[in-house]
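Taking it in order: structure first as structure tokens, then the write-up.
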Amino acid sequence: MKKKKEEVSTEQKIIAAARSLFTQKGFDAVKTRDIAKEAGINLALLNYYFRSKEKLFEMVMLENMQNFFQGFAVIVNDEKTTYHKKIEQIVSNYIEMLLKAPDTPLFVLNQVRSNPEKIAKRRIFLNSYFMKQMQEAIKSGEIAHVNVMNLMLNIVSMSIFPFIARPMFQMGEGGMTQEQFIELMMERKKMIPKWIEATLKVK
């Protein structure tokens, strides 16, 4: 039986409100009444759809974690693209995603700290086709001998850290505007792959 349009709309409002608040503040700092207020509904209606804050948080957590890792997994296991292309795609994927949801990195980091066992199961990179390509390129002498894990950490951190540090850039008088921050990130999307490739050149 299909839900009525009004019911689906209300449920979506609640999920969107929970996503926004949990991502910004974390689980402990958010009350169900905060979610209801953000969604523009009363608390009784929220409880009708979702009987616990825990259930809502689990939904949001899974969604954010899937968005954060899923695109990455698709890119690093694509056997049709070169490692050069994969580096460009990883950077582009993260920057584009985080421009739409800039608070996601803090949310994921909080979950890594509080639920490390869930992250430990996601050995996406270690067994990826990208790792195989990089190891073969090193062995053949095509690129410099580098620690591939360090390389991956550089790619991810250079793409993600500016979003974690964004409040510092935009704080107070003279801080960056949102438009300036976006312009900076679009520039980084082009430059990070070039910086990474420079570290791979055989000297």
> Of the conditions (1) buried (at least 18 other Cβ atoms within 10 Å of the Cβ); (2) modelled with pLDDT under 90, PRO162 fails just one. Which one is it?
Replying inline: (2)
>> Among the residues in region 44-66, are any within 16 Å of the chain's Cα centre (by Cα) and polar (S, T, N, Q)?
In response: yes
>> I need the full set of residues from region 134-146 which are within 16 Å of ALA198 (Cβ to Cβ) and either assigned to a loop (DSSP other than H, G, I, E, B) or of a type in the set (Gly, Ala, Ser) (or both), in order please.
In response: ALA137, GLU142, ILE143, ALA144, HIS145, VAL146
> In this structure, is PHE125 in a loop (DSSP other than H, G, I, E, B), under 21 Å from the mean Cα position of the chain (by Cα) and surrounded by 15 or more Cβ atoms within 10 Å (Cβ to Cβ)?
Replying inline: yes
>> Residue under question is LYS85, and the condition is that it be at pLDDT 95 or above, part of a helix (DSSP H, G or I), farther than 18 Å from THR10 by Cα and open to solvent by 30 Å² or more (accessible area, probe 1.4 Å); does it hold?
In response: yes
> Out of the residues in region 129-159 that are among the hydroxyl-bearing types (Ser, Thr, Tyr) and open to solvent by 10 Å² or more (accessible area, probe 1.4 Å), which is nearest to the chain's Cα centre (by Cα)?
Replying inline: SER157
> Which of the residues spanning region 10-38 are over 20 Å from PHE107 (Cα atoms) and open to solvent by less than 60 Å² (accessible area, probe 1.4 Å)?
Replying inline: THR10, GLU11, ALA36
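The values are calculated or read from the model by the stated rules, or taken from the named source; none is laboratory data. Here the structure is a predicted model, which is why all the values come from computation and not from measurement. In this analysis, Cβ positions are derived from the backbone assuming ideal geometry, glycine residues included, and neighbour counts consider all displayed protein chains. Side chains are part of the model used for accessible areas, which takes the heavy atoms of the whole protein and leaves out ligands, DNA and RNA. Shrake-Rupley method; radii C 1.70, N 1.55, O 1.52, S 1.80 Å.
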